[in-house]
Amino acid sequence: MQSERIQEAVRDLLASVGEDPVREGLRDTPKRVQQMYTELLAGYSVDPVALVNGALFDVDYDEMVVVRDIEFYSLCEHHLLPFIGHAHVAYVPRDKIIGLSKIPRVVDMFARRLQVQERVTRQIADLLTEVLNPQGVGVVLEAIHLCTMIRGVKKTDARMVTSAMCGVFKHNPKTRAEFMAHIRRPTHEEF
Ligand SMILES: [Zn+2]
């Protein structure tokens, strides 16, 4: 990412809305915004192969693995405003599993880009399908979008739900129902 160009663009934006980019409160804003975008868009520079490398294990296990309530933060590509929510990811292994901590990192890698929620959902499912060659993958994302909350229709509690179902999750209604039952259960009843 080109730090200086981002800062220049933020200075232009400030001047364009009639602000004085060198007044005290705004003087460091271009730098802060540039650092913020570098963090929020860090997913572009993550190599997915390196991310999962060393975290794949051969196992004789073919029951569903579910990681639910993974917090994520993304940026809507239409308005550059955040959308925030939870991802629920499940797969049924064929002969390989992936280290538990890697799934949230896969979610982060795709969330930390300019996105639409549908695409993040699909990208998570596609990558896990590619690296694990599982019997199936299911991904559900629930999120609130600041662009619908604070502008336009101003629906503050509208929650968007997207899903991507592959393999047994697509073709076997029982597998899909098991996954949905897992993610509907309230967290405090888990233990
Ligand atoms: Zn938007």
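The values are calculated or read from the model by the stated rules, or taken from the named source; none is laboratory data. Please read these numbers as outputs of a predicted model, since none were measured by experiment. Virtual Cβ from ideal backbone geometry, glycine too; neighbours counted across all protein chains shown. For the accessible areas, the whole protein counts, side chains as well, though only heavy atoms, and no ligand, DNA or RNA atoms are used. Shrake-Rupley method; radii C 1.70, N 1.55, O 1.52, S 1.80 Å.
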Rounded to the nearest 10 Å², the accessible area of THR29 at probe 1.4 Å: 30 Å²
List SER45, SER3, SER101, ordered by accessible area with a 1.4 Å probe, largest first: SER45, SER101, SER3
Amide H contacts under 5 Å for ARG112, placed H, 5+ residues apart: GLY43
Mean Cα-pair separation over length for the chain, i.e. relative contact order, pairs under 8 Å, 6 or more apart, %: 19 percent
Reachable lysines from LYS170, criterion Cα separation under 22 angstrom, eight or more residues apart if same chain: LYS96
Largest-first ordering by accessible area, 1.4 Å probe, given options SER163, SER16: SER16, SER163
Given 15 as the ceiling on other Cβ atoms within 10 Å, longest exposed-site-free region of the chain for GluC sites (Glu not before Pro) in DSSP loops: 78-189
Exposed trypsin sites (Lys or Arg not before Pro) absent: longest stretch of the chain, with sites in DSSP loops and at most 15 other Cβ within 10 Å deemed exposed: 28-93
Solvent-accessible area per residue, Å², over the chain with all protein chains present [probe radius 1.4 Å]: 58 Å²
Degrees, to the nearest 10: 102-111 long Cα axis against longest axis of the chain: 40 degrees
Surface share of carbon and sulfur [accessible, 1.4 angstrom probe, percent] for the chain: 53 percent
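To the nearest 500 deg cm²/dmol, what mean residue ellipticity at 222 nm is calculated for the chain from DSSP H runs of n ≥ 4 alone, each contributing -39,500 (n - 2.57), summed and divided by the residues?
Details: 8 runs with 77 residues, N = 191.
It lands at -11500 deg cm²/dmol.
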